[in-house]
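So the structure is just underneath, and the comments pick up after that.
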Amino acid sequence: MSTSDANATLAARDAAASPIELPRLAVEQASYAYAHQRRSAPMFTLGATSFQARQREVVAILGPNASGKSTLMQIISGALKPLSGRVLLDGVEIRTLGTRTRAQRIAFVEQQSPLVFPASVGDYVLQGRHAYGRALHLATEEDIVLAMNALAQVGAEHLADRRMDQISGGEKQRVILARALAQQPLLLLLDEPTLHLDIGAQVDLLERLRRLCEENRQTVIVVTHELGLAAEFADQVVLLHKGKCLRVGTAAEVYQRELLEQVFGASMDVEIGPAGRPRVSLRSRSDGEARRTM
Amino acid sequence: MRPLTLRRLLWTCGSLSAVLFVVIVLALKLGAVPISVTDLVMSLGRVAIGRSDRLPADYRLIVFDLRLPRIFLGVMVGAALSVAGAAFQALLRNPLADPYVLGVSSGSATGALIALIVAPQFALATPLAAFLGAVITITGVYLLGLRDGNLDSTTLLLGGIICASFLSSIIMFLMTLSSRDLRGMPFWLMGDLSTPQPSELQWIFLVGLIVGIGAIYTTAADLNLLLTGEREAAHLGVEVTRVKLVVYVAASLLTALAVSASGAIGYIGLLVPHAMRFLFGSDYRILIPTSALGGAIAIVAADALARTVAAPTELPVGAVTAIAGAPIFIYLLRRRMR
């Protein structure tokens, strides 16, 4: 199966899935509460959160540590059942989908745990085809083509025969993304994908995501606390703070100085750049002078 | 990209089966009474063409009534322990997991011993009680290994070791208190293939082995993903709860069968899967059948050694596997800590 065939399949699936223009993803008043024990008081809550995302859209979920970003992602992925509200993918409630169907529609890249027994890069990417396999899940010709396409899309096809423990952090992050792409998902969820990358690799990854989202007609949701990168790459920003959804909108709408200062607990300047996207710079508390562009 | 193909799978298993065959023939030859390869091949040939009645009586006794059943028992025990070990390593995401280290073997042995004391007249009671012992122990060790809802490797291993030593004391206690003649027990506890098994138990063992390994093999592709973490596996389409349940029950069954037939033979479940990973890669779709064959080879070879090193006296096969296994375990532990 070639890339154009794969795209045609995707297009057909899109057409079948949404005869009228439904949002790809609709999070409706979803909330959650963690408790240590079933009967004890909740330790952490995520208040009712709502937003929608269309195909080819990149949404950034922003917030400081412990603001509920990862919980929201778990709810969107279907791994956690929301306490109230619901999450719809193409009009279907995600929790009602079986594990396999969910894996064919949603790919979730979490912060990685180390591999116990390192696999080859090729085998690792082929794991993304698991939800399509039968019996022993031996790779078909189609699986191999799709896995190689996924590696090519992240610019890592030359790594296919290397081992996962022999590649750099940036390469690993791209291979992990390729495994998610091999799932051919409608919705791609990424939890802090830029966490351990240097700034060059961060920009490279987000540019790729932007491009992939266009090419594959995917909806991408990224959790990050990088304000600058989110403003640059996201179509929509969801701002969370202490388990509350404070604001949803474009970066220009959400990035207001007082709001960001209150949420992140630091003095900042916000200015609108030439492309209409805001730029945030950090001010030192002592002299009020701008020190670092975020 | 070189993904696993059916051809490679069959080719690898075929080669290992050939090695197993050679090891079996050698094991038939070796022992207190030496038998030449020519005689052995001739007599095997006679059996193959259905003329076993023309074999000399002493031959038939030594080769077909004594050595061959023992070798088949070794094949089954080795396969069961290795596959159980490989399965526990994936489930617990711990390369040092093994039925022996986790205390599951001791749990089985305790169950089997209780059955032998309480209901010696029921042959079936021993493997059943061994299975119960295995399930209870692995559940206990799993719960001991949990810290804040996550499985902690070190705590898990410590939990297993503590369970194993606790259960060993219980076994000693039971053996001392019991009025039955259990003089063969210490040998059995070390791991020993010399006790002849009643034929109905052998059949149960064979069926249990096929069911257990088969059940684990149906989840082989899922186990590959479980090794990357339970949540990730779920995101990739693995029904984690079902797979874990199937594999825990099947691996406990395999351990129980092995222990009720041959006592607690150590380290096979740890070392064989590691050797197979080294040779054929860590894909569980190839690791499970190669571990089964490799385990069979290892036990048959170790037992042949146990029979010949101090002939005519025999060592328990568990002593041989422990002598070879303990240093390799320490090597793996140190490599992991680095």
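The values are calculated or read from the model by the stated rules, or taken from the named source; none is laboratory data. Note that the structure is a prediction, hence the values are computed from the model and not measured. Ideal geometry is used to build each Cβ from the backbone, glycine not excepted, and the neighbour counts take in all protein chains shown.
Applying the condition of being outside any loop (DSSP other than H, G, I, E, B) and surrounded by fewer than 17 Cβ atoms within 10 Å (Cβ to Cβ) to the range A:89-103 and asking which residue is farthest from the chain's Cα centre (by Cα) yields A:THR96. The condition (being surrounded by 24 or more Cβ atoms within 10 Å (Cβ to Cβ), of a type in the set (A, V, I, L, M), farther than 30 Å from B:VAL238 by Cβ and within 12 Å of the chain's Cα centre (by Cα)) is satisfied by just one residue among A:ALA251, A:ALA234: A:ALA234. Every test in (1) farther than 20 Å from B:ARG277 by Cβ; (2) in contact with a His (Cβ under 7 Å, 6 or more places away or on another chain); (3) of a type outside the set (Gly, Ala, Ser) is passed by A:GLU110 save one, and that test is (2). Being within 14 Å of chain B (Cβ to nearest Cβ), of a type in the set (Lys, Arg) and either out of contact with any Asp or Glu (no Cβ under 6 Å at 6 or more places or on another chain) or farther than 30 Å from B:ARG335 by Cβ (or both) is the requirement here; does A:LYS69 meet it? Judged against the criteria, A:LYS69 is not a match. Regarding B:ILE328, is this residue of a type in the set (Val, Ile, Thr), in contact (Cβ under 8 Å) with a residue 24 or more places away in the chain, at negative phi and part of a loop (DSSP other than H, G, I, E, B)? For B:ILE328, the condition - of a type in the set (Val, Ile, Thr), in contact (Cβ under 8 Å) with a residue 24 or more places away in the chain, at negative phi and part of a loop (DSSP other than H, G, I, E, B) - is not met.
Would you call A:HIS137 on the phi > 0 side of the Ramachandran plot and either buried (at least 21 other Cβ atoms within 10 Å of the Cβ) or within 12 Å of another protein chain (Cβ to nearest Cβ) (or both)? Criteria met by A:HIS137. In the range A:112-127, of all residues being within 7 Å of chain B (Cβ to nearest Cβ) and in a helix (DSSP H, G or I), the one that is surrounded by the most Cβ atoms within 10 Å (Cβ to Cβ) corresponds to A:LEU126. The set of residues in the range A:260-275 being over 24 Å from the mean Cα position of the chain (by Cα) and outside any loop (DSSP other than H, G, I, E, B) consists of A:GLU261, A:GLN262, A:MET268, A:ASP269, A:VAL270, A:GLU271, A:ILE272. Taken together, A:LEU206, A:LEU181, A:LEU190 contain a single residue that is over 24 Å from A:SER50 (Cβ atoms), within 14 Å of chain B (Cβ to nearest Cβ), surrounded by 22 or more Cβ atoms within 10 Å (Cβ to Cβ) and modelled with pLDDT of 85 or more, which is A:LEU181. B:LEU4 passes every criterion in (1) assigned to a loop (DSSP other than H, G, I, E, B); (2) over 21 Å from B:MET276 (Cα atoms); (3) not polar (S, T, N, Q) apart from (2).
Let's see how each residue does on (1) basic (Lys, Arg); (2) on the phi > 0 side of the Ramachandran plot; (3) within 14 Å of another protein chain (Cβ to nearest Cβ); (4) assigned to a helix (DSSP H, G or I):
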| position | (1), (2), (3), (4) |
| --- | --- |
| B:LEU16 | no, no, no, yes |
| B:VAL41 | no, no, no, yes |
| B:ARG46 | yes, no, no, yes |
| B:PHE64 | no, no, no, yes |
| B:SER82 | no, no, no, yes |
| B:PRO99 | no, no, no, no |
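The set of residues from the range B:203-249 being buried (at least 21 other Cβ atoms within 10 Å of the Cβ), polar (S, T, N, Q) and modelled with pLDDT of 90 or more comprises B:THR219, B:ASN224. Here the range A:209-230 is the region considered, the condition is being of a type in the set (A, V, I, L, M) and part of a helix (DSSP H, G or I), and the residue that is surrounded by the most Cβ atoms within 10 Å (Cβ to Cβ) is A:ALA230. Condition first: within 17 Å of A:LEU115 (Cβ to Cβ), more than 9 Å from chain A (Cβ to nearest Cβ) and acidic (Asp, Glu). Can you find one or more residues in the range B:205-225 that meet it? Within the range B:205-225 (the criterion being within 17 Å of A:LEU115 (Cβ to Cβ), more than 9 Å from chain A (Cβ to nearest Cβ) and acidic (Asp, Glu)), the answer is no, since none of the residues qualifies.
Picking from residues in the range A:150-171 that are surrounded by fewer than 19 Cβ atoms within 10 Å (Cβ to Cβ), in contact (Cβ under 8 Å) with a residue 24 or more places away in the chain and under 22 Å from A:GLN218 (Cβ atoms), the one that is nearest to the other protein chains (Cβ to nearest Cβ) is A:GLY155.
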